[in-house]
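Undergrad: This is the structure I have questions about; it appears just below.
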Protein chains: 2
Amino acid sequence: MENKISLAHGSGGKGTNDLINSLFLKYFNNTVLNELNDSALLSVKSKNVAFTTDSFVINPIFFKGGDIGKLSICGTVNDLAVSGAKPMYLSSSFIIEEGFSMESLETIVKSMAKTAEIANVKIVTGDTKVVPKGSTDGIFINTSGIGFLYDNVDIKASNARIGDVIIVNGTLGDHGIEIMCERNNIEMYGNLSSDCTHLNFLIKNILETCPYIHVIRDATRGGLAAVLNEIASMSNISIELEENFIPVKEEVKGTCEMLGLDPLYIANEGKICCFVPEKYAYDVLCKMKNHPLGINASIIGKVVNKGSMEVYMNTFIGGKRIIDMPSGYGLPRIC
Amino acid sequence: MENKISLAHGSGGKGTNDLINSLFLKYFNNTVLNELNDSALLSVKSKNVAFTTDSFVINPIFFKGGDIGKLSICGTVNDLAVSGAKPMYLSSSFIIEEGFSMESLETIVKSMAKTAEIANVKIVTGDTKVVPKGSTDGIFINTSGIGFLYDNVDIKASNARIGDVIIVNGTLGDHGIEIMCERNNIEMYGNLSSDCTHLNFLIKNILETCPYIHVIRDATRGGLAAVLNEIASMSNISIELEENFIPVKEEVKGTCEMLGLDPLYIANEGKICCFVPEKYAYDVLCKMKNHPLGINASIIGKVVNKGSMEVYMNTFIGGKRIIDMPSGYGLPRIC
């Protein structure tokens, strides 16, 4: 194998075939992909299917806790899982800059394969484009995914109801702060790393405990603030948070204080918020806490009066603060 | 609406919501997309589903006969159709450079919407990333797609059989030569434009006439040469072409002669080759020629002895020429 990606790898000819055989088939190996047809041919056993897409442009591509490959699998698996679906099949489409290191590409592909295996999804179809040096920066990956909806669940951003208890599965802001520190060479004391992970098994567990969960969303770009504002708007409700209850790591808290950031607005890649009817809240919280990815789960607030579509937080010091939809630039290339 | 794309449009906050509402929902408008969940929730009436993905990085993004938007819909629709599926649902994921013209984006989105409508597919889920100026060149679009397989068809690159007649639906090389001329400011006499189009209705027609077609492939990157070599290799057969029978426009022929190119190696975006059992060849050819996208359809060759996996052509002047798998760089950013 050559040690750099060349335009020939994207030509559709011998170079592309070499790349497919030496890399993608080697690591993604499964009977559907190996057929190498223009489309993957799938046998679908569910009438209700979830379908999603996400492009990943993160910079840096390798970071503490993950890499663009792991992220691209987890992101799409999570988008399917929060819709109440069992993630099944993924596509992977690469846009690679000419001259990109073949070793890095192999590391990324191995990471995708490993993550897909652990998350129990198959990468069944793909595409590779190579663009001339300078036309892009390194590598972008799109993953799209198909999942089969679980029976008897009805999870939608518009389903939040007054009285719902809001639960998150752990500390907020880890991914965004880690990426920011990596990018700006900020030395972090402590053990911060991205929370990038696949949450499908955790979500399956809590749905088995309580299929009546109204909303599940992953709090990625724009952080928890963006997600809660979207839900408030789509469900036409208000949300009351308790600052005391919101789990944030000391390292994240410190960095945010130093830089004037708010952990509620920082991206996560392994955190969901769930809107649970009050009578099931304790059971869901227990189930989360018994899962390795939910040890720091916490009830953080509740849905209050219908109509105003406001998200606000009762603060440590007894005040009340509006948590607006993020409106600024945020940190680009965070996912 | 602002007149340029800013990083805020990719932040996941207000800017992203504005873009979704003012552009994507406006033009892609359908009940599934409008729900704005993390995944599109689909009702799947077929047990056999085709799933495909493609990223489009073409340069220039506007060209005679199409644009990156139209291309991104047609490309994925065609990948589903050549698998013997009725294209149903598409995702669209944008990677846009900061500063990209909002007007151009709107033109592209309108073009996608119009093409999707004509091709009778729905864009049901999407994603938008904005990367800082210089991190990419303009706009890249990924579309993934889901189709429902027609009953009783079995179309695979490995299904070609000795005696199969090979039919193409029209002239070869139009797309690649058009893009090359645009990019190099070569003035073209005549009326050449890209053949970019969606072939799902043409393919449906011929499958209704003959569900026993063994292979259908669209001859995109690497041209017909790449596709035929892939099929020869996967079906373990040889292919004999007749140069006399291969339809090529005069403009393409002239440009190829001038630049030392071979139309068989030039990309198409609206051309398929079909491997048809001999006794159905005439019917399929007639059906093609009766469709506006198959007027110039032609039988171009046949499958010969099994074993050697060779593609060769009987030339005008009575010789025999091997048509190898393309091995060079080709023209980058052709799709």
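The values are calculated or read from the model by the stated rules, or taken from the named source; none is laboratory data. On a predicted model such as this, the values are computed, not experimentally measured, just so you know. Cβ coordinates were reconstructed from backbone atoms using ideal geometry, including for glycine residues, and neighbour counts include every protein chain displayed. Note: areas computed on protein heavy atoms with side chains; ligands, DNA, RNA excluded. Shrake-Rupley method; radii C 1.70, N 1.55, O 1.52, S 1.80 Å.
Undergrad: Filter the range B:14-71 for residues that are more than 28 Å from residue A:124 (Cα to Cα) and of a type in the set (Lys, Arg); which is farthest from the other protein chains (Cβ to nearest Cβ)?
TA: Looking at residues that are more than 28 Å from residue A:124 (Cα to Cα) and of a type in the set (Lys, Arg), I get B:64.
Undergrad: Residue check: is residue B:127 among the acidic types (Asp, Glu) and within 13 Å of chain A (Cβ to nearest Cβ)?
TA: Considered against the rule, which asks whether it is among the acidic types (Asp, Glu) and within 13 Å of chain A (Cβ to nearest Cβ), residue B:127 comes out as yes.
Undergrad: May I pose another question? Answer yes or no as to whether residue B:88 is in contact (Cβ under 8 Å) with a residue 12 or more places away in the chain, open to solvent by 10 Å² or more (accessible area, probe 1.4 Å) and assigned by TED's automatic domain parsing to the domain that holds residue B:19.
TA: Yes: the conditions hold for residue B:88.
Undergrad: Same structure, new question: What about residue A:83, is it in a helix (DSSP H, G or I) and of a type in the set (S, T, N, Q)?
TA: For residue A:83, the condition - in a helix (DSSP H, G or I) and of a type in the set (S, T, N, Q) - is not met.
Undergrad: Sticking with this one: State which residue is farthest from the other protein chains (Cβ to nearest Cβ) when the search covers only the range B:318-335 and only residues that are open to solvent by 40 Å² or more (accessible area, probe 1.4 Å) and either touching an Asp or Glu at 6+ places or on another chain (Cβ under 9 Å) or among the basic types (Lys, Arg) (or both).
TA: B:320
Undergrad: Output the residues belonging to the range B:49-67 that are within 12 Å of the chain's Cα centre (by Cα) and either surrounded by fewer than 18 Cβ atoms within 10 Å (Cβ to Cβ) or among the acidic types (Asp, Glu) (or both).
TA: B:54
Undergrad: Within the bounds of the range A:274-288, is there any residue that is closer than 30 Å to residue A:184 by Cα, of a type in the set (A, V, I, L, M, F, W, C), part of a helix (DSSP H, G or I) and in contact with a helix residue (DSSP H, G or I) (Cβ under 6 Å, 6 or more places away or on another chain)?
TA: Among the residues of the range A:274-288, not one is closer than 30 Å to residue A:184 by Cα, of a type in the set (A, V, I, L, M, F, W, C), part of a helix (DSSP H, G or I) and in contact with a helix residue (DSSP H, G or I) (Cβ under 6 Å, 6 or more places away or on another chain), which makes the answer no.
Undergrad: Does residue A:203 count as more than 9 Å from every other protein chain (Cβ to nearest Cβ), open to solvent by less than 40 Å² (accessible area, probe 1.4 Å) and out of contact with any helix residue (DSSP H, G or I) (no Cβ under 6 Å at 6 or more places or on another chain)?
TA: For residue A:203, the condition - more than 9 Å from every other protein chain (Cβ to nearest Cβ), open to solvent by less than 40 Å² (accessible area, probe 1.4 Å) and out of contact with any helix residue (DSSP H, G or I) (no Cβ under 6 Å at 6 or more places or on another chain) - is not met.
Undergrad: Quick one: what pairs do we get from the range B:158-172, first residue of a type in the set (A, V, I, L, M, F, W, C), second buried (at least 24 other Cβ atoms within 10 Å of the Cβ) and part of a loop (DSSP other than H, G, I, E, B), C-beta under 8 Å, 6+ apart or different chains?
TA: B:167/B:297; B:168/B:219; B:168/B:271; B:168/B:297; B:172/B:219; B:172/B:266; B:172/B:268; B:172/B:271
Undergrad: Could you please find all residues in the range A:293-317 being over 28 Å from residue A:202 (Cα atoms) and open to solvent by 70 Å² or more (accessible area, probe 1.4 Å)?
TA: Within the range A:293-317, A:305, A:306, A:309, A:316, A:317 qualify.
For (1) surrounded by fewer than 20 Cβ atoms within 10 Å (Cβ to Cβ); (2) among the basic types (Lys, Arg); (3) touching a residue at least 40 places away in the same chain (Cβ under 8 Å); (4) in the same structural domain as residue B:136 (by TED's automatic domain parsing), each residue gets a yes or a no:
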| site | (1), (2), (3), (4) |
| --- | --- |
| B:249 | no, yes, yes, no |
| B:255 | no, no, yes, no |
| B:258 | yes, no, no, no |
| B:277 | yes, no, yes, no |
| B:291 | yes, no, yes, no |
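Undergrad: Determine if the range A:183-190 includes at least one residue that is crowded, with 20+ Cβ neighbours inside 10 Å and within 23 Å of residue A:294 (Cα to Cα).
TA: No, the conditions are met nowhere in the range A:183-190.
Undergrad: With the requirement that a residue be out of contact with any Gly (no Cβ under 7 Å at 6 or more places or on another chain), outside any helix (DSSP H, G or I) and open to solvent by 20 Å² or more (accessible area, probe 1.4 Å), what does the range A:4-45 give you?
TA: A:29, A:35, A:36, A:37, A:38, A:41, A:43, A:45
Undergrad: State all residues of the range B:150-175 that are surrounded by 19 or more Cβ atoms within 10 Å (Cβ to Cβ) and small (Gly, Ala, Ser); if no residue qualifies, say none.
TA: B:157, B:160, B:170, B:173, listed by residue number.
Undergrad: Condition first: over 13 Å from residue A:273 (Cβ atoms) and assigned to a helix (DSSP H, G or I). Now tell me which residues in the range A:289-319 satisfy that.
TA: If the condition is that a residue be over 13 Å from residue A:273 (Cβ atoms) and assigned to a helix (DSSP H, G or I), then A:289, A:292, A:293 are the ones that fit.
Undergrad: With the requirement that a residue be within 8 Å of another protein chain (Cβ to nearest Cβ), assigned to a strand (DSSP E or B) and open to solvent by 10 Å² or more (accessible area, probe 1.4 Å), what does the range B:131-149 give you?
TA: Scanning the range B:131-149 gives a single hit, B:149.
Undergrad: Give the range B:227-268 a look and list any residue that's in contact with a strand residue (DSSP E or B) (Cβ under 8 Å, 6 or more places away or on another chain) and farther than 20 Å from residue B:314 by Cα, or say none.
TA: Residues satisfying the conditions are B:235, B:236, B:268.
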